[in-house]
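The values are calculated or read from the model by the stated rules, or taken from the named source; none is laboratory data. This one's a predicted model, so the numbers in the text were calculated from it and none came from an experiment. Backbone-built Cβ (ideal geometry, glycine too); neighbour counts: all protein chains shown.
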Amino acid sequence: MYMKSQDIEVQRLRNQQISGTHCNSPEEVVAWMGAVQAQDYAMAKWALALRLKKATDKSIDRVIDEGRIVRTHLLRPTWHFVAVEDVRWMMQLAAPHMNKLAGSMYRQLKLDDEVFGKTNDIIGKLLADGSHLTREEIIAEVNRAGIETDNLSATHIMFRAELDMVVCNGARRGKKFTYALFDHRVPAAPSFSREEALAMLAERYFRSRGPATLQDFVWWSGLSVTDSKIGLEAVRGKFNSVQIANKEYIFPEPAKSVRVPKALLLPCYDEYTVGYADRSAVMNDELAKNPDSGNGIFKPIMVTKGKMTGVWRRTEKKDQIVIEMLPLTGDQAPVQETFEEAAADYAKFLGKGFSIL
């Protein structure tokens, strides 16, 4: 099948549901994507809203608080949104390599399986009545049981409890995050072999982020090259492939026509950039080397016709959101006019008016 390099971002916009979405709910977006990075909670909710026909900040909060989407550490690892029906098999697949990555820190903090067994038991009993508690409340109980912690060890105790499927996110209490018992929030589900889970993860990835390469999948999943190849080869027959610049790109059946949005205000850590090891389809070398670009990941980005053109930031006031834009490409005109519709969409999502600087 023939595909040009400039077709890559167009098909990604479509497969990522940014253009012409078929998703009707936040949980449907997350299930389609497999997992959505959620390190920045507020921006991650905007990432879901961008891929929906209609959503508000409060409506997505409600879905998460009700447990239809789980927020937990996964994959590379960092915080991710995962559909509740997927989190159990995905965690079983990903936890071994995440524990391996954390191994040196566990040893440095003198946290071994015996200690984790005790802390998991304390946490499990504490949440068994259905309570949703903050990390501070949980760690205070761990300390009362005679296990001393500092901020770093407390972080790794809760991280391990997530990987061992003792806890996941609970409903937020005001602006505070809480933890709940994993088995209370996540229903029992069929077990899958490791090979089956690798295939399922690969299918989710390439259907939602294709055209993408094996190395892109390795980066996104955090898996080894060997495991990533096993997953890809198991589902290869469901996808197309093409060689572009000596790289093999895997993708679902391409759309004949894709409406490319004139302008987008994407959040930091959006899957449109963070989902790939190679971001050159969206961001040229000049931008990648520009320290103001945040490598297309660490700052919210301006996207014009599928390409990154700058970064943006927002200041929230009582009834208004102020959006400041910093174009980083040679084409500076006219920024406010080009991004007015995108800014209006973001403000509507927050239920506020807006102004552009």
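A few comments on the model shown:
- Within the stretch 218-232, residues that are touching a residue at least 40 places away in the same chain (Cβ under 8 Å) sit with their Cβ atoms under 9 Å from residues that are small (Gly, Ala, Ser) and surrounded by fewer than 18 Cβ atoms within 10 Å (Cβ to Cβ), at 6+ positions apart or across chains, in these pairs: Val218/Ser224; Val218/Ala277; Trp219/Ala277; Trp220/Ala277.
- If the condition is being of a type in the set (A, V, I, L, M, F, W, C) and under 18 Å from Phe81 (Cα atoms), then the stretch 8-39 contributes Ile18, Cys23, Val29, Val30, Ala31, Trp32, Met33, Ala35, Val36, Ala38.
- Scanning the stretch 52-73 for residues that are under 30 Å from Leu101 (Cβ atoms) and without any contact (Cβ under 8 Å) to a residue 40 or more places away in the chain yields Ile60, Val63.
- Residue within the stretch 311-318 that is among the charged types (D, E, K, R) and crowded, with 18+ Cβ neighbours inside 10 Å present: yes
- Residue in the stretch 165-174 that is under 19 Å from Leu74 (Cα atoms), part of a helix (DSSP H, G or I) and touching a residue at least 40 places away in the same chain (Cβ under 8 Å) present: no
- Count - residues of the stretch 253-265 that are crowded, with 17+ Cβ neighbours inside 10 Å and farther than 20 Å from Leu50 by Cβ: 1
- Unmet criterion (only one of (1) surrounded by 12 or more Cβ atoms within 10 Å (Cβ to Cβ); (2) in a helix (DSSP H, G or I)) for Phe81: (2)
- Selection of first residues in the stretch 338-357 that are more than 12 Å from Gln320 (Cβ to Cβ) and of second residues that are assigned to a loop (DSSP other than H, G, I, E, B), restricted to Cβ pairs under 7 Å at least 6 apart or on distinct chains, gives the following pairs, ordered by first then second residue: Thr338/Lys262; Phe349/Ala55; Phe349/Thr56.
- Among the residues of the stretch 97-115, the one identified as among the hydroxyl-bearing types (Ser, Thr, Tyr) and either in contact (Cβ under 8 Å) with a residue 24 or more places away in the chain or surrounded by 10 or more Cβ atoms within 10 Å (Cβ to Cβ) (or both) is Tyr106.
- The stretch 194-212 residues that are closer than 17 Å to Thr226 by Cβ, paired with ones that are hydrophobic (A, V, I, L, M, F, W, C) and at pLDDT 95 or above (beta carbon under 6 Å, 6 or more apart): Ala197/Trp89; Ala197/Leu93; Leu198/Ile230; Ala199/Ala234; Ala199/Val235; Ala202/Leu232; Ala202/Val235; Tyr205/Phe217
- Failed criterion for Ile147 (all others in (1) under 30 Å from Leu48 (Cα atoms); (2) among the aliphatic types (A, V, I, L, M); (3) outside any helix (DSSP H, G or I) hold): (1)
- Within the stretch 277-316, the set of residues being under 22 Å from Pro261 (Cβ atoms) and assigned to a strand (DSSP E or B) comprises Ile301, Met302, Val303, Thr304, Lys307, Met308, Thr309, Gly310, Val311, Trp312, Arg313, Arg314.
- Residue in the stretch 25-73 that is surrounded by the fewest Cβ atoms within 10 Å (Cβ to Cβ), counting only those that are part of a loop (DSSP other than H, G, I, E, B) and among the acidic types (Asp, Glu): Glu66
- Matching entry among Ile157, Ile138 (being over 21 Å from Lys100 (Cβ atoms), in a helix (DSSP H, G or I) and modelled with pLDDT of 95 or more): Ile138
- When each of Met302, Met308 is tested for being of a type in the set (A, V, I, L, M, F, W, C), buried (at least 23 other Cβ atoms within 10 Å of the Cβ), out of contact with any Cys (no Cβ under 9 Å at 6 or more places or on another chain) and over 22 Å from Val29 (Cα atoms), the lone residue that passes is Met308.
- Those helices (runs of 4 or more DSSP H) of the stretch 176-257 in which at least 3 residues are more than 20 Å from the chain's Cα centre (by Cα), considering only elements entirely within it, cover 194-209, 225-235.
- Candidates are the residues of the stretch 331-357 that are touching a helix residue (DSSP H, G or I) at 6+ places or on another chain (Cβ under 9 Å) and surrounded by fewer than 14 Cβ atoms within 10 Å (Cβ to Cβ); the one that is modelled with the lowest pLDDT is Gln336.
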